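Trainee: Once you've had a glance at the structure underneath, I'll fire off some questions.
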Amino acid sequence: MAEMWPDPAAKTSRDVFNPAPASEVWLKDPAACGAPGCGRPCLVVCPAGVFEWLGGPVDAEEVRSPALAQAGKLIAVRYDRCLECGACLYLCPRENVHFNYPAGGYGVYYVHG
Amino acid sequence: MVLRRRKAKTRRPRPWRKTAGRLVLRAARTGAGALLACLAERTRARRPEPALPKVEDRKSPTAIPNRHDVIVVGAGPAGSTAAYLMARQGLDVLFIERGPVPGSKNVGGASIAVQIWQEVVPELVPALFEEHVYERILTRQEYWVMADDYVLSVGVRGPGYARPPYNRLSAIKSHIDPWLAGKAVAAGATLLSGYRVDEVIKDGEQAVGVRVDHDVGGDGRGTRELLAEVIVIAEGVNPIVSHKAGFVSMPGAEVQSLYVKETLALPAEELERRFGTGKDEGAVIGIYGYPTAGLNGTGSIYTNVASVGINVGTSVAGLARVGLNPNELLERVKAHPSIRPLIEEGKTIEYSAHLIPDAGYNGVPKLAHPGAVIIGDTASLVNGTLGIVPAMVSAKAATQAVVHAKMKGDFSEQTLRLYPRLLRQTFVWRDLRLNRYAEDYLRSHPHVFDTYARVVTQAAHEASMVYPDTSRQRRRRVLSAVRKIVPLTKVARDAVQAAWVEF
Ligand SMILES: Cc1cc2nc3c(=O)[nH]c(=O)nc-3n(C[C@H](O)[C@H](O)[C@H](O)COP(=O)(O)OP(=O)(O)OC[C@H]3O[C@@H](n4cnc5c(N)ncnc54)[C@H](O)[C@@H]3O)c2cc1C
Ligand code: SF4
Ligand code: SF4
């Protein structure tokens, strides 16, 4: 049986990384993520699970619920496992994610790409 | 800072050594293609292993001259082909890649279309075989329309594909990209790898150089300006630099498809047995319907020498809309009863993610700007999921325009417009143009792939079942199975619309 990896973040443990000293992925206004209505696609779609809900794992239903809306920092950005696909440039309806590639030479290193 | 390896490298078995003699004999009999085949066999044993360079081994941007004829941003197939062709024309070319080596950031299916390489870079084709940068010669090509339980497969296979002139080869992008970049360096281009281009420098409207990010000791970072008469933008699918320069508008989530890929290691002989191919021969299977769980999208499976790659993807907007992580799609595909046996016992050796531009013809931006041209994925030049060939063809057209501009000593937009003019004469452009309505159609009918995948598989399944009935009853049975999925009036309407956009 081929291995099953339901958790995308765990799956990145198979990859080679050389994390940059500074992150190039961040939330422009972290508090804005508290307001309901965006559907929080960043938490769901990122193929590496870089955006992590600080309240612990949440399922898709919970992520969409306004009950979780609070002010302050709600999402952690685990940039050290970012696969540099750039999807987060397009998926936030509020354009609240800043993304750039890591500084030259750093980041993910595909060997079988 | 040294690259951290999380996993020991697996050694690639080299079964081809044994068969070399037999294949050389075969090559000798095939006349015209004999040279290619001989080259292929002679050097199979010399396959290069990918090297992992250290960050401190990079060439420093302060160590190279700051003035060049051409600066190319990105060393993917588009950038490296442009650097190669331009250097061969005697231009002083600097090409800059953000990865520690070219290819370390790139993901592909991938296949190489030999006949098209023969057209664009004929002198590289013998080297492709001689240096054995590909994985397997693809002798089995299939398309699977998948539903939950059934698969309708259409395919072509045969030993003819294993003989010159070859058709397609499977390849690993992190092997092919650095190899191509190496050819550009051998042709005289300068490669600056491990540095990110941050922006295009302009003098008024005219692009005159780029600003490169680099370390200035410790963890401090600075920038260096490098100047050129023309900037070739080949930064791939995310137009970060070209958007900042005002050349390209940011594409929407609907037209960027997110692909995830998993590479699973399996012994070479086992792969040949499971996929039913001969020694050193490989298979590619395009998968549709089930893999993207009701969204329009595609996937594919390729066999490499000792691994199999599975990728699947759909639009970023689609994933966001239904609240799905692309890895869920991948795991679902891996568990499908028709796919699971193919990858059983395979050990996951890499997980990767990459976007493919999906806007097609309608997404092509303005390609010539004062002092700059845009090629490859950045220019939305991808047909379906195939972008390596358009990348190379656009690099060739851009080269002709840049050489012309250099002779004229005029790098205005007016002169560089020769590039889009030449591109419009290529088959790549004509093909893209022919598919222009299909792209829109699929976007406005986000479930059409899935619905009809279920229709055709269900219809095929019903037709294949042997019951004690007449052929008229059988036709009714098929129709009623189809009707359960979509009303027949809708089938007819969709068929008319689809036919309209296809022709
Ligand atoms: C899963 C998958 C399967 C595919 N399968 C196939 C296939 O079978 N056949 C096919 O023909 N095509 C396939 N493609 C598409 C193909 O890989 C691309 O179309 C092709 O690589 C485009 O080439 P490019 O040079 O334009 O872009 P890329 O290959 O993306 O190259 C861009 C380069 O620029 C570098 N770069 C980006 N920004 C900067 C910066 N600021 N500074 C410096 N460097 C930078 C990147 O690191 C990268 O090396 C596939 C793609 C995917 C994702
Ligand atoms: S989608 Fe945008 S606004 Fe919503 S949680 Fe994510 S980053 Fe915040
Ligand atoms: S670039 Fe891709 S992997 Fe990285 S944070 Fe954005 S969506 Fe996630």
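The values are calculated or read from the model by the stated rules, or taken from the named source; none is laboratory data. All values derive from a computational prediction rather than experimental measurement. Positions of Cβ are generated from backbone atoms using ideal geometry, with glycine treated the same way; all protein chains shown enter the neighbour counts.
Trainee: May I ask you to list the residues in region B:206-222 that are more than 12 Å from chain A (Cβ to nearest Cβ) and more than 29 Å from the chain's Cα centre (by Cα)?
Mentor: B:GLN206, B:VAL208, B:GLY217 - these are the residues of region B:206-222 that are more than 12 Å from chain A (Cβ to nearest Cβ) and more than 29 Å from the chain's Cα centre (by Cα).
Condition check ((1) within 14 Å of chain A (Cβ to nearest Cβ); (2) part of a strand (DSSP E or B); (3) over 22 Å from B:VAL393 (Cβ atoms)) across all residues:
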position	(1), (2), (3)
B:SER104	yes, no, yes
B:ILE112	no, yes, no
B:PRO126	no, no, no
B:TRP144	no, yes, yes
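Trainee: Working only within region B:437-471, note down all residues that are surrounded by 16 or more Cβ atoms within 10 Å (Cβ to Cβ) and closer than 30 Å to B:LYS396 by Cα.
Mentor: B:TYR437, B:GLU439
Trainee: Any residue in region B:428-442 that is on the phi < 0 side of the Ramachandran plot sitting within a Cβ distance under 9 Å of a residue that is buried (at least 18 other Cβ atoms within 10 Å of the Cβ) and modelled with pLDDT under 85? List the pairs, counting only those 6 or more apart or interchain.
Mentor: Pairs that qualify, where the first residue is on the phi < 0 side of the Ramachandran plot and the partner is buried (at least 18 other Cβ atoms within 10 Å of the Cβ) and modelled with pLDDT under 85, are B:LEU442/B:ASN296; B:LEU442/B:PHE449.
Trainee: Could I ask something else about it? For region A:1-43, what are the residues that are part of a helix (DSSP H, G or I), facing another protein chain (nearest Cβ under 8 Å) and of a type outside the set (Gly, Ala, Ser)?
Mentor: A:PRO8, A:LYS11, A:THR12, A:ARG14, A:PRO41
Trainee: Among the residues of region B:291-298, is there at least one that is within 13 Å of another protein chain (Cβ to nearest Cβ), under 22 Å from B:GLY384 (Cβ atoms) and surrounded by fewer than 22 Cβ atoms within 10 Å (Cβ to Cβ)?
Mentor: yes
Trainee: Taking the conditions exactly as written (aromatic (Phe, Trp, Tyr) and either more than 20 Å from the chain's Cα centre (by Cα) or in the same structural domain as B:GLY108 (by TED's automatic domain parsing) (or both)), does B:TYR290 satisfy them or not?
Mentor: Yes: the conditions hold for B:TYR290.
Trainee: In the list B:GLY278, B:GLY209, B:GLY299, which residue meets the criterion of being in contact (Cβ under 8 Å) with a residue 24 or more places away in the chain, outside the structural domain of B:ILE375 (by TED's automatic domain parsing) and in contact with an Asp or Glu (Cβ under 8 Å, 6 or more places away or on another chain)?
Mentor: B:GLY278 is the lone residue from the list that is in contact (Cβ under 8 Å) with a residue 24 or more places away in the chain, outside the structural domain of B:ILE375 (by TED's automatic domain parsing) and in contact with an Asp or Glu (Cβ under 8 Å, 6 or more places away or on another chain).
Trainee: Name the pairs: first residue in region B:446-472 and among the hydrophobic types (A, V, I, L, M, F, W, C), second residue assigned to a helix (DSSP H, G or I), Cβ to Cβ under 6 Å, at least 6 apart or on different chains?
Mentor: These pairs meet every condition: B:VAL455/B:VAL482; B:VAL455/B:ILE485; B:ALA459/B:VAL478; B:ALA459/B:VAL482; B:ALA463/B:VAL478.
Trainee: Test B:VAL312 against the criterion of being buried (at least 21 other Cβ atoms within 10 Å of the Cβ) and not hydroxyl-bearing (Ser, Thr, Tyr), and give yes or no.
Mentor: Against the criterion (buried (at least 21 other Cβ atoms within 10 Å of the Cβ) and not hydroxyl-bearing (Ser, Thr, Tyr)), B:VAL312 qualifies.
Trainee: Counting only residues that are closer than 28 Å to B:ASN296 by Cα, give me the helices (runs of 4 or more DSSP H) lying completely in region B:369-449 with at least 3 of them.
Mentor: B:388-408, B:427-434, B:436-444
Trainee: Could I ask something else about it? Filter region B:247-277 down to the residues that are more than 12 Å from chain A (Cβ to nearest Cβ) and of a type in the set (Val, Ile, Thr), then identify the one that is nearest to B:ARG332 (Cα to Cα).
Mentor: Selected residue: B:THR277.
Trainee: Could we say that A:VAL63 is within 13 Å of chain B (Cβ to nearest Cβ), touching a helix residue (DSSP H, G or I) at 6+ places or on another chain (Cβ under 6 Å), at pLDDT below 85 and away from ligand 1 (no atom under 16 Å from the Cβ) here?
Mentor: So A:VAL63 passes the test.
Trainee: Identify the single condition in (1) surrounded by 14 or more Cβ atoms within 10 Å (Cβ to Cβ); (2) outside any loop (DSSP other than H, G, I, E, B) that A:PRO47 does not satisfy, given that it satisfies every other one.
Mentor: Here A:PRO47 meets the rest and fails (2).
Trainee: Now for a separate question. For residues that are modelled with pLDDT of 95 or more and of a type in the set (Ser, Thr, Tyr), scanning just region B:357-397, find the one that is surrounded by the fewest Cβ atoms within 10 Å (Cβ to Cβ).
Mentor: B:SER380
Trainee: Which one is farthest from the other protein chains (Cβ to nearest Cβ), of the residues in region A:78-113 that are in a loop (DSSP other than H, G, I, E, B) and at positive phi?
Mentor: Of all residues in region A:78-113, those in a loop (DSSP other than H, G, I, E, B) come to A:78, A:82-87, A:92-96, A:100-106, A:110-113.
Add one more test, that the residue is at positive phi, and what stays is A:84, A:86, A:95, A:105.
Details: A:GLU84: 6, A:GLY86: 4, A:GLU95: 9, A:GLY105: 4 Å.
Per the criteria, the residue is A:GLU95.
Trainee: Could you grab the pairs with beta carbons closer than 9 Å, sequence gap of 6+ or different chains, first residue in region A:25-50 and within 12 Å of B:ASN325 (Cβ to Cβ), second one within 16 Å of ligand 1 (Cβ to nearest atom) and β-branched (Val, Ile, Thr)?
Mentor: Between residues of region A:25-50 that are within 12 Å of B:ASN325 (Cβ to Cβ) and residues that are within 16 Å of ligand 1 (Cβ to nearest atom) and β-branched (Val, Ile, Thr), the close pairs are A:PRO41/B:VAL316; A:VAL45/B:VAL316; A:PRO47/B:VAL260; A:ALA48/A:VAL108; A:VAL50/A:VAL25.
Trainee: Given the conditions (1) in contact with a His (Cβ under 9 Å, 6 or more places away or on another chain); (2) within 8 Å of chain A (Cβ to nearest Cβ), report the number of the one that B:GLY313 does not fulfil.
Mentor: Only one criterion is unmet by B:GLY313, namely (2).
Trainee: Does B:VAL133 satisfy the condition of being of a type in the set (A, V, I, L, M), within 14 Å of chain A (Cβ to nearest Cβ) and touching a residue at least 40 places away in the same chain (Cβ under 8 Å)?
Mentor: Answer is yes for this residue.
Trainee: Among the listed residues B:PRO164, B:PRO178, B:PRO159, B:PRO122, identify the single one that is touching a Leu at 6+ places or on another chain (Cβ under 7 Å), of a type outside the set (Ser, Thr, Tyr) and away from ligand 3 (no atom under 16 Å from the Cβ).
Mentor: Working: B:PRO178 fails: touching a Leu at 6+ places or on another chain (Cβ under 7 Å); B:PRO159 fails: touching a Leu at 6+ places or on another chain (Cβ under 7 Å); B:PRO122 fails: touching a Leu at 6+ places or on another chain (Cβ under 7 Å).
Checking each option against the conditions leaves just B:PRO164.
Trainee: Further, regarding this structure: Can you tell which of B:ALA395, B:ALA438 is of a type outside the set (Asp, Glu) and more than 19 Å from B:THR314 (Cα to Cα)?
Mentor: B:ALA395 is the lone residue from the list that is of a type outside the set (Asp, Glu) and more than 19 Å from B:THR314 (Cα to Cα).
Trainee: OK, next. List the number of the failed condition for A:PRO93; all other conditions in (1) at pLDDT 90 or above; (2) surrounded by 23 or more Cβ atoms within 10 Å (Cβ to Cβ); (3) away from ligand 1 (no atom under 16 Å from the Cβ) hold.
Mentor: (2)
Trainee: Right, next: Just to be sure before I move on: is B:ASP69 in contact with a His (Cβ under 6 Å, 6 or more places away or on another chain) and among the acidic types (Asp, Glu) in the structure I sent? Steps first, please.
Mentor: Values: in contact with a His (Cβ under 6 Å, 6 or more places away or on another chain): no; among the acidic types (Asp, Glu): yes.
Judged against the criteria, B:ASP69 is not a match.
Trainee: Out of everything in region A:47-60 that is within 19 Å of B:LEU329 (Cβ to Cβ) and away from ligand 1 (no atom under 16 Å from the Cβ), what residue ends up being modelled with the lowest pLDDT?
Mentor: Selected residue: A:ALA60.
Trainee: Being under 30 Å from B:HIS404 (Cβ atoms), buried (at least 24 other Cβ atoms within 10 Å of the Cβ), in the same structural domain as B:PHE411 (by TED's automatic domain parsing) and away from ligand 2 (no atom under 16 Å from the Cβ) is true for just one of B:ILE233, B:ILE201, B:ILE240. Which residue is that?
Mentor: B:ILE233
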